[in-house]
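S.K.: This is the structure I have questions about; it appears just below.
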Amino acid sequence: MKTIIPTKTATSFFLTAAEILACFHAKSNEETRYYLQGVYVEAMAHADTPEKESICAVATDGHVMLHCELPEVAFVGADVTTQANESSRTRGFILDFDVMEKAVKAKSKSGEIWLYGDTETGIIQVLDMHQNAEPSDEMIRAGVLEFSRVDGTYPDWSRVMPKTSDAGVKGCIFDPALLARLAKAGNLLSEYKSARVELTQTDVGDPMRVKFSGAPALTGVLMPSRFLD
């Protein structure tokens, strides 16, 4: 059984599989919006300590969005990213791969499944990271798969991210199938058998925030369409 030590280099990345797969539930399948046909992985430098970064994953098709914060040990190499915004201290890239690949559906025996990719090879190694392990530890390789970086610029997803979640739900009409997609993503990460959802909206016309019980790192967003008087 092959073991790998994920090495942090300028061309490599190390991401949790469950969070990335959850976000794939919101990606677009429209050919004309090719830049939405993947999960945007963004690294944001901390204001006080620029050498430290927070990693998140985002996907949207324009009707629904999923945003997930990744654990602190996740990393994205400097040469992996394809776009940057100096004013917001962010950089990122659009990740795409076949979510139906057998390798990426691996189950961890005692921890979490991680994705260790390198842009020099175009290959993701699917690793079983045991509980309490460090990225510098050896990990069992559960499989490999090819990936690509979508050649495009991801839109500023933060513009539609609800700023607050303490207001009551306001009346609106939306496709219930969108909520079903969000629920499937939440179930991937929830510590419960089925993730319950909480819907909040600051005002009529604003995007609706969706939070999931048992999955605090995941946030869903429903885009407004037609509203009640």
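S.K.: Can you tell me the accessible area per residue over the chain, all protein chains present, probe 1.4 angstrom, in square angstrom?
M.R.: I get 53 Å² per residue for the chain.
S.K.: If you stretched the chain out fully between K105 and E120, how much longer would it get, using 0.36 nm times the residue separation minus the C-alpha to C-alpha distance?
M.R.: Taking 0.36 nm per residue and subtracting the Cα distance, the gain is 3.0 nm.
S.K.: Straight-line reach from K193: which aspartates and glutamates fall under 20 Å, measuring Cα to Cα and dropping same-chain residues less than 8 apart?
M.R.: E19, E112
S.K.: If you don't mind, another one. Quick check on the chain: what does the Kirkwood estimate of hydrodynamic radius come out to from the alpha carbon pairs, in Å?
M.R.: That comes to 18.3 Å for the chain.
S.K.: Can you give me the long-range amide H partners of N85? Hydrogens built in the peptide plane at 1.01 Å from N, cutoff under 5 Å, separation of 5 or more residues or another chain.
M.R.: Residues meeting the criterion, in which the H sits 1.01 Å from N, are T90, R91.
S.K.: Rounded if a/c is under 1.5, else prolate if a/b is larger than b/c, else oblate: which is the stretch 1-99, with a ≥ b ≥ c the root eigenvalues of its Cα gyration tensor?
M.R.: oblate
S.K.: While we're on this one: Return the carbon/sulfur percentage of the accessible area of the stretch 43-127, one whole number, probe 1.4 Å, all protein chains in place. Don't jump to the answer; show the numbers that get you there.
M.R.: Values: 2050 of 4230 Å².
Carbon-and-sulfur percentage of accessible area, whole number: 49.
S.K.: How much net charge surrounds R33 when only the other residues with a Cβ under 14 Å from the Cβ of R33 are counted, with Lys and Arg +1 and Asp and Glu -1?
M.R.: -4
S.K.: Okay, moving on. How high is the relative contact order of the chain, in percent, with contacts defined as C-alpha pairs under 8 Å that are six or more residues apart?
M.R.: 22 percent
S.K.: Sticking with this structure for a sec: Give the aspartates and glutamates whose C-alpha is closer than 13 Å to that of K2, dropping any in the same chain fewer than 8 places away, or say none.
M.R.: The reachable aspartates and glutamates, counting only those whose Cα sits under 13 Å from K2, are D128, E138.
S.K.: Can you tell me the orientation of helix 176-189 relative to the chain, as the angle in degrees between its alpha-carbon axis and the longest Cα principal axis, to the nearest 10?
M.R.: The two axes meet at around 30 degrees.
The values are calculated or read from the model by the stated rules, or taken from the named source; none is laboratory data. What you are looking at is a predicted structure, and each value in this text was computed from that prediction instead of being measured. Don't worry about glycine lacking a Cβ; one is built from the backbone with ideal geometry, like all the others, and counts go over all protein chains shown. Only protein heavy atoms, including side chains, enter the accessible area calculation; ligands, DNA and RNA are left aside. Shrake-Rupley method; radii C 1.70, N 1.55, O 1.52, S 1.80 Å.
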